[in-house]
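Working notes for the structure below.
Derivation of every value follows stated rules applied to the coordinates shown; laboratory data play no part. What you see is a predicted model; the values in this text were computed from it and never measured. All Cβ positions, glycine included, derive from the backbone under ideal geometry; neighbour counts span all protein chains shown.
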Amino acid sequence: MKKFIAILLVLACVFAFTACAKETPAPSEAPVATEAPVVSEAPAEPEVPAEPEVPEVPEAPAAVLTYAEYIAAELDTAVTVETYVQAKQSWWDNKATIYTQDEDGAYFLYNAACSEDDYALLVPGTKIRVSGYKAAWSGEVEIIDATFEIIEGSYIAPAFDATALLGTDDLIAHQNEFASFAGLTVEAADDSGAAFLYNWDGSGEDGSDLYFNVSLDGNTYSFTVESYLTGAGTDVYEAVKALAVGDKIDVEGFIYWYEGVQPHVVSVAPAA
């Protein structure tokens, strides 16, 4: 009997253990990895279209003045003219001083911007378009701070006979023109009786400007051989050095002005 009871107890224990085993919860499954939340990027800023390139518009060329408009223009104002080279006075430091003229009047260009190569091209008759500023110095009206370009055309001005205008107010209207003066008498240049001087006060030497006096109808005028224009060794320079007081001469030159008329002479010959 005891043996039977013992068997029952063993079976009871086995069943109890099995039941407990079934009630024991299974170990938790490993957590399932989840994808990280997607963070949206900030929307890209829209591209700003580049500013369209605005082509440079060249300045309109200045209006070309007639000679009458040039004369009427105020001093220190910008001027543009078309004119023709008649003679060249000098070139240095890329600047040129030039006598020019058209059919109506003349223009003196002082220290215009000019390369040495361009200076060589400025032969008498060459047409140029000039832009600069109208100025005056001691009565001489000129164009300063100028630039120029060579354009098509050619003109050589004939000598204007200005003899009858010497001593009159009308002569200045022909300032800078190429002119002739006939039947002048050589007067003493100073108290020593010299027919000419090197420089206006006699302080120069051969190669300097020559100054000499001439008279007409009782009035005396100072004429100059500008050494930069026609220096030592030129025909006119040597002709003036050979003058004697009392000589009768004909003269050609440009009607330059310095506190009154003071032509820059390019030709001297015995009076016809």
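Quick rundown of the values:
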| read-out | value |
| --- | --- |
| Estimated FRET transfer efficiency when R0 is 30 angstrom, pair Thr147-Glu53 (beta carbons, to 0.05) | 0.55 |
| Two-site FRET efficiency, Thr234 against Asp169, from Cβ-Cβ distance with R₀ of 41 Å, rounded to 0.05 | 0.80 |
| P(r) histogram, all alpha-carbon pairs of region 189-256 included - 5 Å bins from 0, percent | 4, 16, 31, 28, 16, 4, 1 |
| Distant-in-sequence amide H partners of Gln262 (H built 1.01 Å from N, under 5 Å) | Tyr256, Trp257 |
| Estimated FRET transfer efficiency (Ser180, Ala242; beta-carbon r; R0 22 Å; 0.05) | 0.65 |
| Global geometry of region 97-158, whether rounded, prolate or oblate, following the gyration tensor of its Cα atoms and the 1.5 cut on a/c | oblate |
| Stretch gain in nm, segment Asp104-Asp201, where the contour uses 0.36 nm per residue and the Cα spacing is subtracted | 31.4 nm |
| Euclidean distance between Cα centres, region 213-272 to region 187-205, Å | 13 |
| Placed amide H near Gly125: partners under 5 Å, 5+ positions off or other chain | Val85, Gln86, Tyr155 |
| Note, ³J(HN,Hα) from phi for region 144-155, Karplus 6.51, -1.76, 1.60, rounded to Hz, x at Gly and Pro | 10, 6, 9, 10, 8, 9, 7, 10, 6, x, 7, 6 |
